[in-house]
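Working notes, structure below.
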Amino acid sequence: EAITVANLARQMGVKATEVIKKLLALGLPANINQAIDFDAAALVAAEFDYEVEKAGFEEEDILQTVEDRPEDLQPRPPVVTVMGHVDHGKTSLLDAIRHTRVIDQEAGGITQHIGAYFVELDGRHITFLDTPGHEAFTAMRARGAKVTDIVILVVAADDGVMQQTVEAINHSKAAGVPIMVAINKIDKPNANPDRVKRELSEHGLLPEEWGGDVTMVEISAKKKMGIEELLEMVLLQAELMELKANPNKPARGRVIEAKLDKGRGPVATILVQEGTLREGNAYVCGTYFGRVRSMFNDKGQKVTAAGPSVPVEVIGLSGVPNAGDDFVVLADEKQAKLVAEHRQLKAREKELSRTTKVTLEKLYGQIRDGQIQEISVILKTDVQGSLEAIRDSLLKLSTPDVKVSLIHAGTGAISESDVMLASASNALIIGFNVRADAKAQELAEQEKVSIRYYDVIYQILDDIKDAMVGLLEPQY
Ligand code: GDP
C-alpha cells in the first residue's frame, strides 16, 4: 500500500517540503506527487510524532484465488488473434472463417460484431478475436491481459514479408505466444509461397517441411481455399498446448471491447477465461462494479451462462471499461463495490505518482539489487545500415550477469505501436536519428515509457554499458 508525499503531509498537517526534507535525510529522495511505501511513510511520520496505520484492505483478500486441482481442469477452446501486414488479408480471413463456419451452420443466427466470435469444427471450438493486428494485441498486454493463445500470421504470397509482418512476429514473440502462418492470396498468378517461407525463415520462423516447428498453411481468403485445413491446424496446435480451465467456479475474464450503446447503456464483450459466467452474477470490472443483467452470444442470442474461452456481450455495467480490463465475479454486490472503490482510489494515487516504467538510471539499481538480469530495448533508426550496426554492437554488450535483449528493431519514426510494445515488455526505446511522432510522444508520456534519442552510435553503447555497471548519471 502506498501514499503520496502530498497526502501524507496533508494528513499530518505539515508542509510537503518538510516531508520531502525528512525523506531526503533518510536517503529517500522523493517529489511531492510521488507515492512512497508503508515503511517509508512510517519512518517519516515517526519524525513528526505520528503513527501510520496500515489500511486493512488487500484486494486479494476479497478476490480469493483458489488454486485449481488438476482434476478440476477441463480442455478449453484456443483463443486466436490474426496479425499481419496491412492489405495482406487479415479482415478477409476473419470474414472467410466466419462465413464458412458460422453463418452456413447456424440457421437464423446472424453474426453480430462483438469483438470476438466462436466457431465450431466437428464438435470442437475456436475463439477468434475480431480486431486484427498487433496494436490491439499489445495494448491488451500492456494492461496485463493475456488472452491470445495462438497467433495466425497472415502473409500475402504475392508480397512477402513486410514491415508489419516483422512487427507482428516480434510482438508475438515478446508475449511468448506461438505463431502459425497463413500464406494468403495463393490464387494470385504471381503468388510465390516459397519466397514467403524463405523470408520468414530469415526471421526465425522455419516451416515444418524444412525441419522447423512453424505450421504454414497456404490459403486464399478470397476464394475460401485452405480455410478448413488452417482451422484443423489451429486445433492441432491447441491440443499440443493442452489448454485447460476450471469451468466450475465463479468466472474471471477480460474485456475484449466496450462501448456505450444508446438503448442499452454500457455494453462490454467479456472473454471468459476461467469459471462460468451467469446471469445475475455480481462482478467487478476495472474500476466498475455491478450485476450481469443479461448476456448475448456472438450471434445475438440471449444466453444465461458462458464457460472458458467463450465471448459474451454483457449488459448491466455502471460505466464503460477499457479493453484489457479484468472481469471478476464476486460473492455479492457489496464486495464488488468495495473492490471497485478501492481500485478507484488506487488509480487516483497512481495517476498522482506518475512513475516512469524503465529508465536507464533506474535499471542500474534494479540490476544491482538482483531484481532484473535483462535490459530490454526497442531500437528505431533512420536507415537499415545503422540498424544492423547498432543491433550487433548492442547484443555484444550482454554479460553473463546482464543480458541485453532487443525486442524489436526497425527503421522509421518511433510509433504508437513501438511505445505499446515497450510498455507491455517493460522496455526502453532508443531512437537513432529518428524521433517519436506526436501521437507516440503523447502515448509514451501516458504509459511512462522512456525514450532516448541519439545521433552517435558509441553514445548509445556507452550509456547502456554505464547502466549495466552503474555509472550512468541521471538525465534531467
Ligand atoms: P487487411 O488489411 O490485412 O485486413 O486486408 P484485407 O482483408 O482488407 O484485404 C486486402 C485486399 O486483399 C482486399 O482487396 C481483399 O479483397 C484482397 N484479398 C484478401 N485475401 C485475398 C486472397 O486470398 N486472394 C486475393 N486475390 N485477394 C485477396
Assuming Gly300 fulfils every condition listed in (1) in contact with a strand residue (DSSP E or B) (Cβ under 8 Å, 6 or more places away or on another chain); (2) small (Gly, Ala, Ser); (3) touching a residue at least 24 places away in the same chain (Cβ under 8 Å); (4) open to solvent by 10 Å² or more (accessible area, probe 1.4 Å) apart from one, which condition is it? (1)
When every residue in the range 122-172 that is touching a His at 6+ places or on another chain (Cβ under 7 Å) and among the hydroxyl-bearing types (Ser, Thr, Tyr) is compared, the one farthest from Val80 (Cα to Cα) is Thr165
From the residues in the range 234-266 that are acidic (Asp, Glu) and assigned to a strand (DSSP E or B), which one is modelled with the highest pLDDT? Glu257
Pick from the range 196-215, criterion without any contact (Cβ under 8 Å) to a residue 24 or more places away in the chain and in contact with a Pro (Cβ under 8 Å, 6 or more places away or on another chain), ranking: nearest to the ligand (Cβ to nearest atom): Lys197
On the given criteria, is Glu257 more than 16 Å from the ligand (Cβ to nearest atom), acidic (Asp, Glu) and in contact with a strand residue (DSSP E or B) (Cβ under 8 Å, 6 or more places away or on another chain)? yes
If you go through the range 75-91 one residue at a time, how many are more than 6 Å from the ligand (Cβ to nearest atom) and open to solvent by less than 90 Å² (accessible area, probe 1.4 Å)? 9
Please tell me if Gly324 is part of a loop (DSSP other than H, G, I, E, B), buried (at least 19 other Cβ atoms within 10 Å of the Cβ) and touching a helix residue (DSSP H, G or I) at 6+ places or on another chain (Cβ under 8 Å). yes
Checking Glu388 against (1) open to solvent by 40 Å² or more (accessible area, probe 1.4 Å); (2) farther than 19 Å from Gly204 by Cβ, the condition it does not meet: (2)
Contact list please: Cβ distance under 7 Å, first residue in the range 7-33 and assigned to a loop (DSSP other than H, G, I, E, B), second residue open to solvent by 70 Å² or more (accessible area, probe 1.4 Å), pairs at least six apart or on different chains. Leu26/Leu43; Asn33/Leu352; Asn33/Arg354
What are the residues in the range 117-150 that are open to solvent by 10 Å² or more (accessible area, probe 1.4 Å), aromatic (Phe, Trp, Tyr) and either modelled with pLDDT of 95 or more or within 13 Å of the chain's Cα centre (by Cα) (or both), if any? Phe137
Is there a residue in the range 228-244 that is open to solvent by 50 Å² or more (accessible area, probe 1.4 Å) and closer than 30 Å to Ala336 by Cβ? yes
Restricting to the range 327-360, name every residue that is of a type in the set (Val, Ile, Thr) and either at pLDDT 80 or above or open to solvent by 40 Å² or more (accessible area, probe 1.4 Å) (or both). Val328, Val329, Val339, Thr355, Thr356
Just the residues that are more than 13 Å from Pro178 (Cα to Cα) and surrounded by fewer than 15 Cβ atoms within 10 Å (Cβ to Cβ), please, taken from the range 197-224. Arg198, Glu202, His203, Glu208, Glu209, Trp210, Gly211, Lys223
Check whether at least one residue in the range 16-30 is at pLDDT 85 or above, on the phi > 0 side of the Ramachandran plot and in contact with a helix residue (DSSP H, G or I) (Cβ under 9 Å, 6 or more places away or on another chain), and report yes or no. no
Hey, can you tell me all the residues within the range 184-195 that are without any contact (Cβ under 8 Å) to a residue 40 or more places away in the chain and either open to solvent by 80 Å² or more (accessible area, probe 1.4 Å) or within 10 Å of the ligand (Cβ to nearest atom) (or both)? Asp187, Lys188, Pro189, Asn190, Ala191, Asp194
Quick test for you: out of Glu229, Glu218, pick the one residue that is touching a helix residue (DSSP H, G or I) at 6+ places or on another chain (Cβ under 6 Å) and within 16 Å of the ligand (Cβ to nearest atom). Glu218
I need the full set of residues from the range 110-129 which are of a type in the set (Ser, Thr, Tyr) and touching a Lys or Arg at 6+ places or on another chain (Cβ under 7 Å), in order please. Thr111, Tyr117
Residue, nearest to the ligand (Cβ to nearest atom), within the range 151-176, restricted to residues that are of a type in the set (A, V, I, L, M, F, W, C) and open to solvent by 10 Å² or more (accessible area, probe 1.4 Å): Met162
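The values are calculated or read from the model by the stated rules, or taken from the named source; none is laboratory data. On a predicted model such as this, the values are computed, not experimentally measured, just so you know. Cβ coordinates were reconstructed from backbone atoms using ideal geometry, including for glycine residues, and neighbour counts include every protein chain displayed. SASA here: full protein model, heavy atoms, side chains in, ligands and nucleic acids out. Shrake-Rupley method; radii C 1.70, N 1.55, O 1.52, S 1.80 Å.
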